[in-house]
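Working notes, beginning with the structure itself.
Derivation of every value follows stated rules applied to the coordinates shown; laboratory data play no part. Predicted, not measured: the structure shown is a model, and the values here were computed from it. As a convention, Cβ positions derive from the backbone with ideal geometry for all residues, glycine included, and neighbour counts pool all protein chains shown.
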Amino acid sequence: MLLAQITIPLIFGFFILTKHILDNVLISDKPPICKHVETSQDINQEAFTNHTWYSQYQQEVMYQNRSSFYCVTATYNLEPERKVPFFNGNVISVYNYGNFHRVNGKPVNTKNQTILCARQPNNDDPSKLLVGVCNLPNLFTGKYWIIGYGPKNPPYEWLVVSGGQPHNKYPDGCTTQINKTNNAGLWIFSRTPSMNKTNLENAKLLLKNKGYTLSQLIRVEQDKCNYKDAFIK
C-alpha cells in the first residue's frame, strides 16, 4: 500500500511533466506560418502593476472557458517577499478573478484563494513573463507576453496580452492555442471596467497589424459587476 501511495503520484507527475515538454516541443517544431510577434519591451512595469486590469475580450483556455467570462479582472502586485523555486529573478504576484455563469455569480477565484506568480526571466525585458503556480518551478509555467498598450506614456489605459507566439492559423490571421494551458490565451484589457470605443479600436488594430485573428475573442461582461472579494486597486 505504501509503495502504491508513493508510485502513483510519481507516475502522475512524470506524465504531467512529459505532456508539458511534448506540448512545447510540438509547438516549437511547427513551421513558421504565422507572423513573428514583437513584444512591448519598453513597458513601464511599475505603471503596469499599479492598478487592476479589466478583461474586455479574451480567448478560452483550459483553465477558464466562456462560462466564467463575467467580471474578469487581473491584478498584478509587486511583493518582494514572493518567491518561486529555483528562480532568483523578479516575481510579481497575480490575483485573478471572475464569476461563473453570470455577473456577480459565484467567484472563480478570490483574493484569499489561489495566487499565481509571474516571473520575469530577462531583467531587461518586462514584457515577457512566465505565469504559473507559485510553488512550482518555471518549467511548469505558461508564457504571458505584453504585445501592446496605450497610450505611449503612463498611466496606461489599455493592454493586449498574448500567451506566447501564435501558431494556430485561421483564414484572417493567427492566434495562440484554444482550450489549452500553455502557449494559449489572448486578452484585451482596460484600466476601467468600461472600455471606450477608441481604445478598443486601437487594441484590435494592433492585433490585426501583428497578424492575429480576432475571430476567437469572446466578449467579457463587466457591466454592473461588484467584484466581491476580488483584489482591486
Among the candidates D223, D229, residue that is more than 12 Å from Q56 (Cα to Cα) and acidic (D, E): D229
For the range 32-65, name all the residues that are touching a Phe, Trp or Tyr at 6+ places or on another chain (Cβ under 7 Å) and free of Cβ contacts under 8 Å to residues at least 60 places away in the same chain. T49
Search result, residues across the range 93-131 that are assigned to a loop (DSSP other than H, G, I, E, B), of a type outside the set (V, I, T) and within 16 Å of W53 (Cα to Cα): K111, S127
Members of the range 181-233 found to be surrounded by fewer than 18 Cβ atoms within 10 Å (Cβ to Cβ), touching a residue at least 12 places away in the same chain (Cβ under 8 Å) and among the hydrophobic types (A, V, I, L, M, F, W, C), listed by number: L200, L214, I218, I232
So if I check each of V91, V61, V133, which one is over 21 Å from I188 (Cβ atoms) and crowded, with 20+ Cβ neighbours inside 10 Å? V91
Among the residues of the range 139-158, how many are without any contact (Cβ under 8 Å) to a residue 24 or more places away in the chain, among the charged types (D, E, K, R) and under 14 Å from N196 (Cα atoms)? 0
Strands (runs of 3 or more DSSP E) fully within the range 145-233 counting 1 or more residues that are over 25 Å from P107 (Cβ atoms): 158-162, 168-170, 173-175
